[in-house]
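**Q** Handing you a structure now.
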Amino acid sequence: MITFDHLSKEYNGVYAVNDLNLEIPGGEIFGLLGPNGAGKSTTILMLTGLIEPTAGRCLIDGVEVAKNPIEVKHRIGYMPEDVGFYTNLSASENLDFFARLYGLDTSARKSRIDELLSLVNLDGVEKLVGGYSKGMRQRLGIAKALLNDPAVIILDEPTANLDPQGVADYRRIIKQMAADGKTVLVSSHILSEVSLVCTSIGGVLSQGGKLVAQGTWKDLTRVLEGEQVKILVETRSSMPEFSHPDLVSAEYSNEHHEAVITARSDIRDDIADALRKADVMIRQLTLDRSTLEQAVLSYYNTGDEQQ
Ligand code: ADP
């Protein structure tokens with residue numbers, strides 16, 4: 001579990017992070033979302049113990065980071081935006097170097113490294129890390145973050161350099177970690193990325209490090225949108241008319257095989273249930289992200305006004 005308790009960081013009297021209060025339980029994949037300069041990296045650096053808060057505290061499983069840096073180091077796996085590796089060593093040699101720092105013995109190191117290289121699809125790659133693509137380095141970064149089998153995994157802009165296969169692998173790995181009960185914190189300025197991987201909880205940091213929205217992804221959609229979301233539906237056979245308390249309008253086309261549904265919340269699950277009950281096969285059921293993106297941008301601006 002990660003706890004931020006009235007956490008603030010000031011640089012020259014200006015807040016990078018401003019009174020952040022959050023609790024992220026084990027098994028969650030939490031998205032720390034915000035534009036560049038919103039304070040995401042500063043939050044993560046305080047959580048990893050690399051910089052000290054001006055006020056407040058971060059705790060990992062109840063242990064205060066600033067007071068117990070060594071203990072905390074063993075509980076967290078951290079992947080920064082740019083992961084540093086020795087370019088003249090192979091992937092397994094690099095991981096072996098870092099595993100030694102964690103004090104793992106030779107046989108534990110070998111089996112852990114083999115397991116992790118296979119997890120990130122880098123097993124059997126002979127070349128030195130200097131010859132890796134950015135995506136390969138990023139996947140190796142994920143393996144490095146998992147070396148000490150951490151309870152908490154912190155990923156700063158994890159998909160910045162990944163190709164589509166890399167993104168798919170990354171999502172699979174992160175979901176597996178959460179299913180194993182680990183706490184995953186993902187920071188990103190890319191809404192679609194956070195919304196795809198963060199299954200239940202999202203957050204939005206505005207400029208000036210203020211948390212302006214928080215909740216489950218569904219709550220956040222509702223809050224962010226204020227009023228409405230658009231859902232695109234495509235089915236194999238004709239759709240029945242759909243009713244729901246949050247439904248605003250439904251425009252059917254193509255002989256009722258397609259619909260644009262406007263609703264006051266993300267009611268995709270209810271639409272899927274209704275279609276399944278009516279034995280209608282679904283071809284597409286997606287949230288129109290553009291409206292969500294706009295809403296997030298308006299939130300960023302709200303944060304600006306609060307400064
Ligand atoms: P993000 O990761 O969301 O892009 P950062 O945490 O890097 O944001 O930065 C938040 C704010 O704090 C920015 O305005 C940045 O310029 C400022 N900042 C970050 N680190 C320092 C530092 N070491 N000295 C002064 N200002 C800093």
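Computed from the coordinates by the stated procedures, all read-outs in this text should not be read as laboratory data. The structure displayed is predicted, hence computed values, not measured ones. Don't worry about glycine lacking a Cβ; one is built from the backbone with ideal geometry, like all the others, and counts go over all protein chains shown.
**Q** Based on a Kirkwood Rh over C-alpha pairs, give the Stokes-Einstein translational diffusion coefficient of the chain at 25 °C and viscosity 0.890 mPa s in µm²/s.
**A** The calculation lands on 116 µm²/s.
**Q** Related question: Compute the length gained on full extension between Asp273 and Asp114: take 0.36 nm times their separation in residues and subtract their Cα-Cα distance, giving the result in nm to one decimal.
**A** 53.0 nm
**Q** Can you pull out the trypsin sites (Lys or Arg not before Pro) in the range 23-120 whose DSSP state is coil and whose Cβ has at most 14 other Cβ atoms within 10 Å?
**A** Taking the range 23-120 and a limit of 14 other Cβ atoms within 10 Å, the loop trypsin sites (Lys or Arg not before Pro) found are Lys67.
**Q** Sum -39500 (n - 2.57) across every DSSP H segment of at least 4 residues in the chain, then divide by the residue count to get the 222 nm mean residue ellipticity, nearest 500.
**A** Using -39500 (n - 2.57) per qualifying helix, the result is -11000 deg cm²/dmol.
**Q** May I pose another question? Hey, got the dipole for the chain? About the Cα centre, +1 on K and R Cβ, -1 on D and E Cβ, debye to the nearest 20?
**A** Dipole of the chain, to the nearest 20 debye: 740 debye.
**Q** Which whole-number percent is the relative contact order of the chain (Cα, under 8 Å, 6+ apart)?
**A** In percent, rounded to a whole number, it is 20.
**Q** For Lys230, which lysines qualify as cross-link partners when the Cα separation must be under 18 Å and same-chain residues fewer than eight apart are set aside?
**A** Qualifying lysines at Cα under 18 Å: Lys218.
**Q** Please report the antiparallel percentage of DSSP beta bridges with both residues in the chain, rounded to the nearest 5.
**A** Counting DSSP beta bridges with both partners in the chain, the antiparallel share is about 65 percent.
**Q** In the neighborhood of Ala91, defined by Cβ-to-Cβ distances under 14 Å, what is the net charge if each Lys or Arg adds +1 and each Asp or Glu adds -1?
**A** Combined, the nearby Lys, Arg, Asp and Glu give +1.
**Q** Lysines near Lys67 by alpha-carbon distance under 22 Å, same-chain residues fewer than 8 away left out - which ones?
**A** Cα-Cα hits under 22 Å: Lys9, Lys40.
**Q** Shifting gears a bit: Mind checking the full-extension length gain between Ser238 and Asn88? Use 0.36 nm per residue of separation minus the Cα-Cα distance, one decimal, nm.
**A** Using 0.36 nm per residue and subtracting the Cα-Cα distance, I get 48.0 nm.
**Q** Here's another thing I want to ask about it. In whole angstrom, how far apart do the alpha carbon centroids of the range 139-155 and the range 71-104 sit?
**A** The distance from the Cα centre of the range 139-155 to that of the range 71-104 comes to 9 Å.
**Q** Between Thr286 and Gln228, 0.36 nm times their residue separation minus their Cα-Cα distance comes to what?
**A** 19.4 nm
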